[in-house]
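Each remark here refers to the structure printed beneath this line.
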Amino acid sequence: MPILRILLVRLLTTAITLAGVAVIVFFVIRVVPGNPIAMMLPPGATEEDIARLSALYGLDKPLIAQFGIWVSGVLQGDFGTSITTRQPVLDLVLGRLPATLELSIMALVMAMILGGAAALTGTRYRGGRTEGAIDVANGMALSVPDFLWGLVLILLFGVLVPVFHISGRVTPSLDLPFTTNFYLFESLLRLRFDLWADIVAHMFMPALALAIPLAAIIGQLLKQSLKETMNLDYVTLARTKGYGETRVILREALRNAALPTLTLVGVQFTFLIGGTVIIERLFSYEGLGNMAIDAVINRDLPLIQGIVILFAVIFTAVNLIVDLLYTVLNPRLRHG
Amino acid sequence: MAEAKPLDGRSLVRRRAGLRLWLSAGWLALLCAVALLAPWIAPKDPLAQDLFLGRLPPFWVQGAEPGYWLGTDSLGRDVLSRIIHGARVALTVALVAGTITCLVGASLGLIAGFLRGWVDLVISRLIDIWMAFPPVLFSILLIAVLGPGLLSIIIAIVVIDWTRFARVVRAEAMAQGAMDYVASARVAGRGRLGTMVREILPNVLPTIVVLLTLEMGIAVIVEAILSFVNLSISTDDPTWGGMISEGRTSVHQAWWVLVFPLITLFLTVLAFSQLGEGLKDRYDPVLR
Amino acid sequence: MSFLSIRNLSVRLKKGPSLLRRVSLDVAAGEVRGLVGESGAGKSMIGKAVLGILPPSIEVTGGEILLDGVDLLQLPPAQRRKRIGATCALIPQDPLTALNPSHRIGPQITDRLVDILGWTRPDAETRARELLAEVQIADPDRVLRSYPHELSGGMRQRILIASAFAAEPKLIVADEPTTALDVTVQKQILKLIAGMQARHNTALLFVTHDLGVVSKVCQKLSVLYAGMVVEDATVADFFAAPRHAYSAALLAATPKYTDPSAGLQPVPDAVIAAVQAEVAAFDKGLAHG
């Protein structure tokens with residue numbers, strides 16, 4: 001019952017948010033100077049050619065009418081046609097989405113591992129030098145955004161000790177047997193570990209750059225929360241039962257401490273996904289973000305619209321999932 | 001009962017926090033001085049190209065030319081002079097964009113949090129919508145709309161980042177508004193505006209100052225990112241982001257073109273952020 | 001030979017004031033000793049020191065805690081933990097916070113049996129069911145599957161008592177086990193603890209500020225003031241004629257169950273001054289020798 005109610009309210013606000021995003025992105029990009037049609041025609045095209053092509057893309061109608069056409073299309077799953085590639089926007093966007101999703105999820109996993117390890121180590125050795133060192137590292141990681149970490153990583157592991165690839169998603173000369181664009185997952189499923197290793201070597205640095213700030217946030221919040229939990233009565237009671245410190249942290253404190261961290265991590269994960277835009281550009285990674293920047297540079301209006309909407313959908317979906325997860329993981333809410 | 005003495009650990013943390021505050025402030029002060037005095041202290045003309053002096057390494061590496069301390073880029077422009085001049089753009093953006101964003105965001109947050117009702121409804125909905133945009137893409141889009149240039153960057157930062165202030169200030173104004181001192185001010189006959197400005201604002205101010213410091217760091221990064229995708233101000237003017245963008249493409253041939261602007265940018269962003277964190281630990285009862 | 005024997009135990013806040021001043025006391029097997037005193041007198045601290053759960057800001061500066069003849073303070077931490085886990089248990093003060101909200105009740109009773117004492121899981125579960133029946137919980141199977149928030153405070157305290165007795169410990173520390181409960185439930189829980197203690201013949205260190213409770217449950221008691229044992233007596237002797245002026249005053253300040261209408265005397269200032277002087281003299285003695 002409460003889950004259903006939360007879901008309903010959230011779906012409603014989500015719909016309002018998405019509608020707002022659609023309106024803003026549509027009208028903002030119509031103000032972009034530079035005629036996309038003129039850009040795609042060869043030099044020397046006549047006014048008539050431009051007008052004809054504009055009519056083809058519906059760009060000759062009044063703005064409101066254009067908006068109406070676009071929205072009704074979107075509601076039917078038609079996001080229009082890309083001006084530069086003349087392919088359906090939906091196909092283009094969904095073709096790139098797996099790359100960005102894989103990158104984001106890999107970054108999230110890295111952040112959870114790094115941040116979790118930092119929090120657990122800091123709690124285990126709290127009050128000592130180890131905790132101090134972890135706090136300083138966390139502070140640094142948090143202060144500097146993913147873009148700069150990406151550049152630092154390029155210098156360290158791309159130039160100084162070149163162990164990872166600094167551009168692309170996969171070595172271009174490789175023969176890819178994939179039927180989906182989820183290269184990372186599909187290579188595993190097909191047991192092509194050679195390809196998998198190549199893909200990971202490409203993803204490692206962009207994912208790590210995205211992960212570092214989030215890892216610091218997780219590390220800080222979780223450690224704080226763990227330290228508070230460690231003073232609670234049920235933890236003390238567990239100690240009298242004969243459990244060691246590490247066991248007490250993992251078994252008694254971690255789960256309860258992780259809950260409050262979770263909601264904050266949800267919002268932060270959407271920031272991480274937003275960060276993929278520039279990180280993909282930095283590492284020439286063929287994902288949504290990279291395509292988005294190209295679309296802006298080429299004034300490919302339908303494509304821009306499609307990508308922004310997709311990002312908005314992902315963001316709101318992540319927030320929704322986190323809220324539901326919180327409800328499911330918290331026994332008090334589950335039965336309440 | 002004997003009085004408990006403050007434990008040693010605490011004062012140590014205090015001292016470290018103080019050091020952090022001074023180091024960050026020192027770096028930023030140095031940067032300001034460099035930016036103001038750029039035309040006089042830069043060893044070379046930052047725009048002067050000399051293809052015969054392209055990709056000179058920094059002074060301690062074999063093949064360096066005297067006078068080009070940190071080497072040159074592929075067009076033979078002096079890296080150090082470009083970093084010094086780049087500080088002007090970076091700091092202008094940080095100060096101007098940061099301050100305007102702060103004013104806009106904090107006012108909206110304060111109004112929403114204190115007045116509640118439909119004003120709050122509208123503003124919170126707007127914040128939600130803004131949060132659903134990927135910020136980097138949004139800023140690139142705005143620059144495409146506004147055209148390149150310093151003013152465009154500042155506008156883009158304000159338009160995108162006002163929510164950072166509005167979110168926190170709104171929540172805080174709400175919390176403060178529920179407190180007894182606000183009620184008693186109203187009972188004592190203060191108007192709504194008066195209560196907001198005279199009673200609530202002073203209590204939220206430390207939070208706002210900390211956020212402002214953090215926002216300045218973010219503004220520097222945003223400018224660098226926009227320069228990086230070649231959408232910042234004109235390509236001739238030296239900016240750190242533009243230098244990084246050039247350095248990124250030639251990193252295997254001339255690492256110094258990337259490394260030095262990157263270090264400068266890194267330290268500057270770190271300094272703004274640590275200044276904010278330091279101020280937060282010291283003065284801000286809310287965010288701490 | 002007493003099962004628990006504390007000799008000259010001194011404890012203080014790290015680089016701060018003393019919290020326990022050369023505390024000595026014994027608890028024989030199957031015996032119940034009450035620890036009474038005002039809040040801050042250090043009565044809970046003794047229980048915590050025995051169970052090895054003093055907060056990290058507090059250090060033991062001297063003395064011995066002999067458990068079955070072995071000094072716990074001399075054991076390496078891991079061994080000490082094992083030993084305590086196998087022979088001692090705690091009945092905590094607040095049943096609302098002493099159960100882990102994200103685990104079911106079952107594992108919280110059986111965990112020590114399985115993890116520390118090496119029982120098989122089915123054996124431990126059978127044992128848990130028996131114990132719940134013994135603490136008069138009607139539907140053990142349902143309760144074992146419940147989460148703490150689904151149960152009432154009285155119910156949770158019963159579970160904590162059951163859990164404390166699970167491994168047949170030789171010694172249980174009950175840290176004000178009824179303070180957080182409703183008055184109506186308090187009596188039942190007290191009776192339950194006393195009954196369980198008698199049946200299992202467990203030594204019990206009963207921390208309380210309520211002399212009325214002591215008179216019902218304990219055979220011996222130690223009265224504490226500022227971390228110092230000011231009186232160590234059998235309950236019978238104490239209630240007949242307390243020897244120390246402070247304990248006498250404390251007794252006078254306690255409502256009589258036999259005669260609730262009798263006036264209560266607050267502890268007189270003179271008595272406080274006297275006992276504080278005693279503490280000061282003690283500290284001075286420590287400083288000199």
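Side notes on the structure shown:
- Qualifying residue in region C:159-180 (condition: within 11 Å of chain A (Cβ to nearest Cβ), without any contact (Cβ under 8 Å) to a residue 60 or more places away in the chain and among the hydroxyl-bearing types (Ser, Thr, Tyr)): no
Residues checked against (1) part of a loop (DSSP other than H, G, I, E, B); (2) within 10 Å of chain A (Cβ to nearest Cβ); (3) buried (at least 17 other Cβ atoms within 10 Å of the Cβ):
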| site | (1), (2), (3) |
| --- | --- |
| C:48 | no, yes, yes |
| C:66 | no, no, yes |
| C:79 | no, no, no |
| C:94 | yes, yes, yes |
| C:99 | yes, yes, yes |
| C:106 | no, no, yes |
| C:110 | no, no, yes |
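- Taking region A:1-100 and the helices (runs of 4 or more DSSP H) fully enclosed by it, the elements with 2 or more residues that are of a type in the set (Lys, Arg) are at A:2-30.
- Residues of region B:246-286 satisfying the condition of being of a type in the set (Val, Ile, Thr) and touching an Asp or Glu at 6+ places or on another chain (Cβ under 7 Å): B:257, B:286
- Out of B:246, B:215, B:199, B:223, one residue alone is touching a residue at least 12 places away in the same chain (Cβ under 8 Å), away from every other protein chain (no Cβ under 11 Å), touching a Cys at 6+ places or on another chain (Cβ under 7 Å) and among the acidic types (Asp, Glu). It is B:215.
The rows are residues; the columns are (1) open to solvent by 10 Å² or more (accessible area, probe 1.4 Å); (2) in contact with a Lys or Arg (Cβ under 7 Å, 6 or more places away or on another chain); (3) not small (Gly, Ala, Ser).
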position	(1), (2), (3)
A:211	no, no, no
A:224	yes, no, yes
A:232	yes, no, yes
A:235	no, no, yes
A:260	yes, no, yes
A:264	yes, no, yes
A:279	no, no, yes
A:284	yes, no, no
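- Checked against the criterion of being farther than 28 Å from residue B:156 by Cα, in contact (Cβ under 8 Å) with a residue 24 or more places away in the chain and hydrophobic (A, V, I, L, M, F, W, C), the candidates B:75, B:47, B:91, B:53 yield just one match: B:75.
- Matching residues in region A:270-317 - criterion: being more than 7 Å from chain B (Cβ to nearest Cβ), closer than 24 Å to residue B:247 by Cβ and charged (D, E, K, R): A:280, A:286, A:294
- When residues of region A:242-251 are limited to those that are more than 17 Å from residue A:126 (Cα to Cα) and open to solvent by less than 40 Å² (accessible area, probe 1.4 Å), the one nearest to the other protein chains (Cβ to nearest Cβ): A:242
- All of C:240, C:233 fail the test of being small (Gly, Ala, Ser) and either touching a residue at least 12 places away in the same chain (Cβ under 8 Å) or under 24 Å from residue C:18 (Cα atoms) (or both), apart from C:233.
- Residue match in region B:174-197 (condition: small (Gly, Ala, Ser) and surrounded by 21 or more Cβ atoms within 10 Å (Cβ to Cβ)): no
- Residues within region C:11-40 that are in contact (Cβ under 8 Å) with a residue 60 or more places away in the chain, more than 14 Å from chain B (Cβ to nearest Cβ) and outside any loop (DSSP other than H, G, I, E, B), tallied: 12
- Residue in region A:286-301 that is most open to solvent (accessible area, probe 1.4 Å), counting only those that are at pLDDT below 90 and touching a Ser or Thr at 6+ places or on another chain (Cβ under 7 Å): A:298
The values are calculated or read from the model by the stated rules, or taken from the named source; none is laboratory data. Everything numeric here is computed off the predicted structure, so don't read it as measured data. Please note: Cβ atoms are built from the backbone with ideal geometry, for glycine as well, and neighbour counts cover all protein chains shown. The protein model used for the area step is the full one, side chains on, heavy atoms only, and it has no ligands, DNA or RNA in it. Shrake-Rupley method; radii C 1.70, N 1.55, O 1.52, S 1.80 Å.
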